[in-house]
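A.B. asks: Have a look at this one.
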Amino acid sequence: HIGITNAKCIGNSAYNGVNASSYNFINGNGYLIVTGNYDDNNTYGSLEIENNLVSHATISGNTFKKQLWVDDTSNVSIVGNTVSDRIFLTAQSNDTDNITVSGNTCTRLSATTFGPIEEQIGRHKGRHKGIHVIGNTFYGAAGVNDIFADGHVDCITIESNALNGVDSNAIALVRSPTCNHMVRNNRSKVTRALAISRSGGRVVEYGNDNMT
């Protein structure tokens, strides 16, 4: 879907895709609903929403074998999906805001950039202004953090998640001068680190169980 206003994908199945995500939305706007779909064995990814600048998207109840990716898009609810790969949130050409990730089961979540960051009126683009990661189950992958947010994330809330991986850190945050993060009431299955690196900004954490 390229440049599409108001799109729905409901109850579809896709198999063995290559070169692009099975459910792909680029430069669209309006309301986007992706509900109750299935994807298996795409070599690139299961879903990507990219550069949908005037958009309100609901991604719910899907079963995806590869990653669920949101890039340069705000006002997205990712709710109740099963994703065998990661949920990937990126920003490059535009800031993102109001992204909710709730009630999903997946390996891990990453919030970072994709490609070189562009300049806009004397400042960097590609900031995540508001991400809310609440009540998910992450079962982890070898050598990576269950939840990772880098220094391009200005505000993330990480709350009441089950962190069931056994490798690397349960949660890893990279601070920046503009960050304002809340990390509370999460639980790791085995004792692992809540790792906070660099300096600046503000990080509040409390009530996190089984994390050093």
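A.B. asks: Of the conditions (1) open to solvent by 30 Å² or more (accessible area, probe 1.4 Å); (2) more than 23 Å from Gly30 (Cβ to Cβ); (3) touching a strand residue (DSSP E or B) at 6+ places or on another chain (Cβ under 8 Å), Gly143 satisfies every one except a single condition; which number is it?
C.D. replies: Single failed check for Gly143: (3).
A.B. asks: Here's a follow-up. Can Ser21 be described as over 19 Å from Val133 (Cβ atoms) and among the hydroxyl-bearing types (Ser, Thr, Tyr)?
C.D. replies: So Ser21 fits the description; yes.
A.B. asks: Residues Asp85, Asp97, Asp71: which one is charged (D, E, K, R), in contact (Cβ under 8 Å) with a residue 24 or more places away in the chain and in contact with a His (Cβ under 9 Å, 6 or more places away or on another chain)?
C.D. replies: Matching residue, one of Asp85, Asp97, Asp71: Asp97.
A.B. asks: Something else about it: Say we look at the range 16-57 and pick out the residues that are open to solvent by 60 Å² or more (accessible area, probe 1.4 Å) and hydroxyl-bearing (Ser, Thr, Tyr); which of these is nearest to the chain's Cα centre (by Cα)?
C.D. replies: Ranking the candidates gives Tyr44 first.
A.B. asks: List, please: which pairs have Cβ atoms under 6 Å, are six or more places apart or on different chains, and start with a residue in the range 7-19 that is part of a strand (DSSP E or B) and end with one that is among the aliphatic types (A, V, I, L, M)?
C.D. replies: As it stands, the answer is Ala7/Leu32; Lys8/Ile33; Cys9/Val34, since those pairs meet every condition given.
A.B. asks: Tell me which strands (runs of 3 or more DSSP E) are completely within the range 165-204 and hold 3 or more residues being out of contact with any Phe, Trp or Tyr (no Cβ under 7 Å at 6 or more places or on another chain), under 18 Å from Tyr139 (Cα atoms) and modelled with pLDDT of 95 or more, or say none if there are none.
C.D. replies: Details: elements: 171-174, 180-184, 187-192, 194-197.
So the answer is 187-192.
A.B. asks: Name the residues in the range 1-15 that are of a type in the set (A, V, I, L, M, F, W, C), open to solvent by less than 80 Å² (accessible area, probe 1.4 Å) and under 14 Å from Thr35 (Cα atoms), would you?
C.D. replies: Ala7, Cys9, Ala14
Listed here are the residues, each with its yes/no results for (1) over 20 Å from Phe114 (Cα atoms); (2) in contact with a helix residue (DSSP H, G or I) (Cβ under 9 Å, 6 or more places away or on another chain); (3) at pLDDT below 95.
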{"site": "Ala14", "(1), (2), (3)": "yes, no, no"}
{"site": "Ala20", "(1), (2), (3)": "no, no, yes"}
{"site": "Gly30", "(1), (2), (3)": "yes, no, yes"}
{"site": "Asn37", "(1), (2), (3)": "yes, no, no"}
{"site": "Tyr44", "(1), (2), (3)": "no, no, yes"}
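A.B. asks: Name every residue in the range 82-101 that is farther than 13 Å from Ser55 by Cα and open to solvent by less than 10 Å² (accessible area, probe 1.4 Å), in order of residue number.
C.D. replies: Residues satisfying the conditions are Val83, Ile87, Leu89, Thr90, Ala91, Val101.
A.B. asks: Looking at the range 97-115, is at least one residue farther than 24 Å from Val79 by Cβ and outside any loop (DSSP other than H, G, I, E, B)?
C.D. replies: yes
A.B. asks: List every residue pair whose Cβ atoms sit under 7 Å apart, with the two residues 6 or more apart in sequence or on different chains, where the first one lies in the range 21-39 and is on the phi > 0 side of the Ramachandran plot and the second, anywhere, is hydrophobic (A, V, I, L, M, F, W, C).
C.D. replies: Asn27/Ile2; Gly36/Ile10
The values are calculated or read from the model by the stated rules, or taken from the named source; none is laboratory data. No experiment lies behind these values; they were computed from the predicted model shown. Ideal geometry is used to build each Cβ from the backbone, glycine not excepted, and the neighbour counts take in all protein chains shown. To get the accessible areas, we keep the full protein, side chains included, count just its heavy atoms, and leave off ligands, DNA and RNA. Shrake-Rupley method; radii C 1.70, N 1.55, O 1.52, S 1.80 Å.
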